[in-house]
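The structure under discussion appears below in the form of structure tokens.
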Amino acid sequence: MGDSKEEVKRIQDVASVANATDTIPADFIRPEDERPGLTTYKGDLPQVPVIDFSIKDDEKLVAQIYDVSCKWGFFQIVNHEIPNDVISKLKEVGITFFELPQEEKEVYAKPPGAKSVEGYGTKLQKEVNGIKGWVDHLFHILSPPSAVNYKFWPDNPPSYREANEEYTKYLHKVEERLLSYLSKGIGLEENELRTAVGGDDLVYLLKINYYPPCPRPDLALGVPAHTDMSAVTILVPNDVQGLQVFHEGNWIDAQYIPNALVIHIGDQLEILSNGKYKAVLHRTTVNKEKTRLSWPVFMEPPEDMEVGPHPKLVTDENPAKYKTKKYCDYVYCKFNKIPQ
Ligand code: OGA
Ligand code: NI
């Protein structure tokens, strides 16, 4: 009383009550057509594509990545040269942060009304249908150095910063290779796509998703169906199944492959490629007993950068299918559900 600071209910707290009573609050229950219990594909699994980054034939890699980016907008990369222990440490320090007492995490809370998404939080505005997702998160920028704000990087555990910087270093190499293959795939020079999304100013926005156990995983979702706004997203999950992709009319589980990198083609590459590459529609389910975590890094153009179909791909026969606009305007429309 008399305290102007509004208490935000974290899903971690919601979950501890829900798990004790074996029920979930009504505002987490999905309409039937979104319920994972009813809508997950249960036949023979079409396995989501896997790309081996160690094959020495670049032409072949370009062709394989082109193919899956057009058909799925989604794939996993194995043999990517990020050492397993670098990924393990990234996960370890993130888990340690989320296991801290609530008040220690609140120190990093996204300031109310802040323009940037950075900080610890829970999605405040409900979705169009008024339903909430079963997930808390931490956002902070990893790169470029000029955009990093350490205020949002946990001090505890003490190795948090080193583990994240080490991962970022290796991620740069993967990102550069990936964008060069994607560039060649649509007939551009190897560096042209990367340049079009910001080159060395490309923003790496890390999100840690924390999905606590949920007594009714058949009724709730972690993150509801969406495409990422990024150019491309590179994600590592923990070993709890949960990511699903929409492919040829079905919601399919993306099989967990230890140490693989999960790649989502985001909206900006769909736009730049003038619709050749598909931004993948995806969502996450939650688990009855286990906590799921994931570490997507959204690779985004700087906010003032204009993004549209690449001029070299637009011709009289193949006119632009998307508008050209500043990335920040794209984000504004998407957040506010205004047509692009
Ligand atoms: C997201 C997302 C997937 C996951 O946060 O945008 O799609 O596996 N996460 O948690
Ligand atoms: Ni996503």
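Just so it is clear, none of the values below were taken in a lab; they were calculated from the coordinates. This structure is a prediction, so every number in the text was calculated from the model and none was measured. Don't worry about glycine lacking a Cβ; one is built from the backbone with ideal geometry, like all the others, and counts go over all protein chains shown.
List the aspartates and glutamates whose Cα lies under 17 Å from the Cα of Lys89, skipping any in the same chain that are fewer than 8 positions away.
The qualifying aspartates and glutamates are Glu81, Glu99, Asp155, Glu162, Glu165, Glu166, Asp239.
Using the Cα centre as the reference, give the magnitude of the dipole from point charges on the C-beta atoms of the chain (Lys, Arg: +1; Asp, Glu: -1; all else neutral), rounded to the nearest 20 debye.
580
List the residues whose amide H sits under 5 Å from the amide H of His247, counting only those 5 or more places along or on another chain, with H placed 1.01 Å from N in the peptide plane.
Residues meeting the amide H criterion: Ile252.
Apply the a/c threshold of 1.5 to the C-alpha gyration tensor of the stretch 175-282 and tell me whether it is rounded, prolate or oblate.
Cα axes put the stretch 175-282 in the prolate bin.
Please compute P(r) over all alpha-carbon pairs of the stretch 102-246, binned at 5 Å starting from zero, and give each bin as a whole-number percent.
2, 7, 15, 18, 18, 16, 13, 7, 3, 1, 0
Hey, fewest Cβ within 10 Å first, where do Ser143, Ser69, Ser88, Ser54 land in order?
Ser54, Ser88, Ser143, Ser69
How many angstrom lie between the C-alpha centres of the stretch 100-142 and the stretch 154-179?
Centre-to-centre (Cα) distance: 21 Å.
Please say if the stretch 67-188 is rounded, prolate or oblate, where rounded means a/c under 1.5 for a ≥ b ≥ c the square roots of the C-alpha gyration tensor eigenvalues, and otherwise the choice is prolate for a/b larger than b/c and oblate otherwise?
Here the stretch 67-188 falls in the oblate category.
Fewest first, what order do Glu175, Glu300, Glu92 take by the number of other Cβ atoms within 10 Å?
Going from sparsest to densest Cβ surroundings: Glu92, Glu175, Glu300.
If contacts are Cα pairs under 8 angstrom and at least 6 residues apart, what is the relative contact order of the stretch 184-340 in percent?
32 percent.
Quick one: which of Lys91/Lys288; Lys123/Lys325; Lys173/Lys312; Lys123/Lys288 span more than 24 angstrom between C-alpha atoms?
Pairs exceeding the cut-off: Lys123/Lys325; Lys173/Lys312.
Going by a ≥ b ≥ c, the root eigenvalues of the Cα gyration tensor, does the stretch 131-171 fall in the rounded group (a/c under 1.5), the prolate group (a/b larger than b/c) or the oblate group?
Prolate is the answer for the stretch 131-171, as a/c is 1.5 or above and a/b outweighs b/c.
How many times 2.2 N^0.38 Å is the alpha carbon radius of gyration of the chain?
0.98
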